[in-house]
Structures are given as structure tokens and as C-alpha cells.
Amino acid sequence: MEIINLEGTEDTPKIILDKTNKIFEISGRSLPEDSAEFYQPVLEWLNKYTKEALPETIFDFKLEYFNTASSKLILDVLTVLEDIENIKVHWYFYEDDEDMEEAGEEFSELVDVEFELKPY
Amino acid sequence: MSTMKYIYDMHQMMLKNNIILVYEGEFTQEITKSVLAMAERNMDSIGEESGIKRKVFNVMVECLQNIVKHGEDYVSADLQINTAIFMIGKQQNSYIITTGNPMKNELVDGLKSKLDKINGLDKDGLKALYKDIIKGGSGLTDKGGAGLGFVDMARKSGQKLEYGFEPLGNGHTFFSLKTTVPRG
């Protein structure tokens, strides 16, 4: 599969989707002007990946901040992940960031995907 | 030079109200990024605690993007209000984030009942409402919002959202919103 590798900016996250090297990561800040447009290629890529997924997938979320429009799209991403066998989400949050920890808990309650909350 | 006194008055008014940043004008994503960067720098320079900084940042983003998405252009013969305002104040015990923007009269009742509903909920009620809206499955609005901004501001700040409406005439109303983020 092709690789998605987006550099993070002040309002968009860094995204790596690389099946060959087994890296699946969304990190940084997500507050794009048009979150639906921004996440469209990510959702398309993941929909393809569901049909040819690796035997095991670890998906890392390491978000520092996301706006409410992005939260809807993050839920869409997680919903696609429900269709992948043996997938686990690693949800990272700064040790003192209770809001990001709670966001991880809430997302884990909304989708049928295994979550591990990881303070750092 | 009494015509120059407004500069002094403005400065005094800002000092008196502990306002650290004011932006008046057109709101775009580029402006949003600049305002956020300035406010972040300001909080960094006084060594603000990272948890507070994140909450203020959070509320600022939702406020600014609300205006980018929903602020209405409004121009009349005697009033030139086609722009919005954003301010941050820093008190001893809190940050105050305020916005004001013109909106259409017919949307006022809906907005008011939405804010009243949010203000009537406690922490758990807000969490339940957030989850209801996000899994509602209705997707984003035609303006690209999730319909979660005010709920999120209430949750992150832990305070009621204060608001007011001033009639502008010509079918428009000026909407003012104030969110308080406690320090420590």
C-alpha cells in the first residue's frame, strides 16, 4: 500500500500510515479549518487497509490538542478501525493532562476497539 | 491634543479590566492561528501552568472557530459592524475569554436555549450530552462544525457560559459570550 506521511503543522497533526514498516500514528495538534476534508484521505486509506490488514495492528494516537470538529473525525477513524482484526489503540496523553486522558476513555466507550491509555 | 486621548483611554480601559489581548476585525483560520500563538506566548512568558494553558487554548480555539464559521457580516447605513471581537483577560484567579459577533435574529432563540441547556447541566450531564452529540451520526454541519463547541467550552472550563444579546437592527443581533477558566 502507498504510504501516507504528513508533517505536522501548527493546526494539523502529523500522520503516518505505513503498512510496510507497521507504523500507524496520528500525533500533535488537530484544529484544521476543514476537518472533514483533512481527514478524508486518512479514512480512505484505512478503509482500504481493512481489506488487507496485517495480522496485528497497533494504532498510536499521541495528540496534544484537538478541536471539537476534529473529535468527530477521530471518532470516524476509530469506527473504521472496528473492522480490523487484532487491532489495538494506544492512546497517549501527558501525565498531567486529565482532559486528554478522559477523551481517550470516552472514545474507548464509544467504539468497539481495544484501547490502552498510556501516560507519558 | 484631545483627539488623541482615545489611545490613552483605551490603554486605561485595558489595564483596568486586565485585558492582555484584543483582536477586532475579520476572523479567518490564519487570524485564529496568529491570535492563538500570541496568547500562548503570553502565557509562556509568565510561566503559566501547562494544565491551565491547555484549557485556555482549548476554549480559545472553540471561540475563534465559532466566529470563523458562524459570524455574520453585518453592515448598515449608520452602523458598521461587519466584524467581530475577541479578548482575553487575566485576573488573579482566572482567565476570561470573551467574544462578540453579529448574528441573524432568527437564530437567537435557538442559540439561547442551547446555552441555557448547557448551563443547566452538571459535569456528568455535560459528558452525557457530549457523547450524545458526537455519536449522533449526523456528521458535521454545513459549516463544518460538530455542534460540540459550547459543550466542550463548558466542560473544559468547568464554569457556566455567560452570554448576552444586543439588538443591532436590520435583522441582526450582537452576541456576546464570556468563558472563565479558573487558575489552579
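Data for the structure
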{"read-out": "Number of Lys pairs (Cα under 20 Å; 8 or more positions apart or on different chains) in the stretch A:23-119", "value": "7"}
{"read-out": "Computed E for A:ASN86/B:LYS127 - FRET, C-beta separation, R0 41 angstrom, nearest 0.05", "value": "0.85"}
{"read-out": "Size of the protein assembly as shown as Cα extents on the principal axes (Å, biggest first)", "value": "76, 43, 37"}
{"read-out": "Efficiency of FRET from Cβ geometry, B:LYS112 and A:MET1, R₀ 51 Å, rounded to 0.05", "value": "0.55"}
{"read-out": "Residues of the stretch A:55-69 buried by at least 50 Å² on assembly (accessible area, 1.4 Å probe, chain alone as reference)", "value": "A:TYR65, A:THR68"}
{"read-out": "Coordinate range along principal axes, alpha carbons of the stretch B:2-182, Å, largest first", "value": "57, 46, 29"}
{"read-out": "Spacing of the two label points (7 Å from each Cα toward its C-beta) at B:MET14 and A:SER27, in nm", "value": "3.8"}
{"read-out": "Principal semi-axes in Å for the stretch A:23-119 [√(5λ), Cα gyration tensor, largest first]", "value": "20, 17, 11"}
{"read-out": "In Å², nearest 10: area of B:HIS70 left accessible to a 1.4 Å probe", "value": "90"}
{"read-out": "Estimated inter-spin distance, A:THR50 and A:GLU102, nm [label 7 Å along Cα→Cβ]", "value": "3.1"}
{"read-out": "Surface accessible to a 1.4 Å probe, per residue, for the residues of the protein assembly as shown, Å²", "value": "50"}
{"read-out": "Cut-off 11 Å, label 7 Å out along Cα→Cβ of B:ASN105, residues of the stretch B:154-184 by amide N", "value": "B:167-173"}
{"read-out": "Farthest positive-ward along the stretch B:2-182 dipole, Cα basis, beta-carbon charges - from B:THR32, B:LEU115, B:ALA154", "value": "B:ALA154"}
{"read-out": "Inter-label distance, nm, simple model (7 Å from Cα along the C-beta direction), B:ILE46/B:SER2", "value": "3.6"}
{"read-out": "Accessible area (Å², 1.4 Å probe, nearest 10) - A:VAL89", "value": "0"}
{"read-out": "Fluctuation leader among B:LYS16, B:LYS90, B:LYS160 - chain B, Gaussian network, Cα springs under 10 angstrom", "value": "B:LYS16"}
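The values are calculated or read from the model by the stated rules, or taken from the named source; none is laboratory data. Since the model is a prediction, treat every value here as computed from it, not as a measurement. Cβ: placed from backbone, ideal geometry, glycine included. Neighbour counts: every protein chain shown. When the accessible area is computed, the model is the full protein with side chains, heavy atoms only, and any ligands, DNA or RNA have been set aside. Shrake-Rupley method; radii C 1.70, N 1.55, O 1.52, S 1.80 Å.
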